[in-house]
Amino acid sequence: MQVRAWLVVVCLIIGSVGGAISWAEPNSPLPAVRPFQVGEQLTYEISWLNMTAGTAVMAVNDAGMDGDRPLTKLITTAQSRPAISKFFPVDNRVESIVDPATLFPEHLFFKRREGKKKEDIEYAFHQKEGTVTVIKGGETETLEMPSGTQDIISCLYFARSELSFQPGSSLTMNVFHDKKNHKLDVRVEEIETVSGPWGEVEAARVLVVMPFQGLFLNQGNIRVWFTNDDRRIPVRMTAKVIIGSIVADLVSRWLASSPIQ
């Protein structure tokens with residue numbers, strides 16, 4: 001169903017719901033520090049055919065320590081609104097634990113609740129060994145992957161942090177999902193002015209070529225508009241589906257004050 005494709009629209013916000021949104025001065029170079037912080041939370045309104053389908057939230061949390069090494073948890077949730085839930089309820093939660101120094105994932109937990117489907121999946125990434133352990137349906141399997149592989153959540157934060165916003169710039173990542181390695185291409189198309197619930201901002205329009213159906217449940221092109229400033233906040237995401245398009249617009253944001261180095 002088209003409604004399931006909305007998970008592509010996980011975006012980020014600064015401030016409380018209904019609060020004013022202010023932006024830093026535009027710039028093109030890579031930021032000196034990560035553009036997101038522990039404590040950041042961004043909320044999106046998901047629409048399809050001009051109908052509000054649900055809400056998605058992305059948050060960056062502290063995940064404690066692994067010895068003397070800090071970890072960061074990236075949390076994404078998506079829920080259908082009551083009118084949609086009568087026909088196809090969605091209540092998904094994904095947690096990705098990453099090394100903030102590299103933004104490579106170490107564990108991913110996916111609690112999927114879509115319609116009558118209930119599924120819990122766990123991935124343990126062994127970046128140095130080039131393997132990933134998958135626990136799904138009570139079965140455990142270890143598979144090969146290239147070192148530096150991303151998961152379906154960490155790839156967005158990696159691109160947000162590492163991609164140059166010069167038009168024509170590109171980035172290629174390996175994303176492990178559904179027991180397979182996938183090549184994910186990200187390209188900067190244009191710098192343009194966009195307007196929405198956040199007001200009017202200068203943004204980099206980024207094309208993401210999705211080679212698989214997974215969290216986003218859309219195989220094809222996705223476009224993300226990142227603010228062209230130090231925060232690089234995705235304010236809008238769109239994905240074409242069989243009928244129409246799924247659109248996610250930023251509606252609220254909260255940012256902590258301490259950036260991730």
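Data for the structure
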read-out	value
Model label zone, Leu71; criterion: amide N under 20 Å from point 7 Å along Cα-to-beta-carbon; scope the stretch 141-176	141-143, 145, 147-158, 176
Cα centre as origin, Lys/Arg/Asp/Glu Cβ charges: the stretch 89-199 dipole, Debye	340 debye
Sum of side-chain charges, Thr193 neighbourhood, beta-carbon under 9 Å (Lys, Arg +1; Asp, Glu -1)	-3
Exposure proxy order (Cβ contacts within 10 Å, fewest to most) of Lys116, Lys73, Lys240, Lys183	Lys116, Lys183, Lys240, Lys73
Linear extension gain, Asn61 paired with Glu200, 0.36 nm per residue minus alpha-carbon span	47.2 nm
Extension gain (nm, one decimal) between Lys179 and Asp120, 0.36 nm per residue minus Cα-Cα	19.8 nm
Pairs from Lys118/Lys179; Lys116/Lys183; Lys86/Lys117; Lys73/Lys240; Lys118/Lys180; Lys128/Lys180 whose Cα-Cα separation, in the structure shown, is over 24 Å	Lys116/Lys183; Lys73/Lys240
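The numbers here are math on the coordinates, done by the rules we state, and not lab data. This structure is a prediction, so every number in the text was calculated from the model and none was measured. We place every Cβ from the backbone using ideal geometry, glycine too, and count neighbours over all the protein chains shown.
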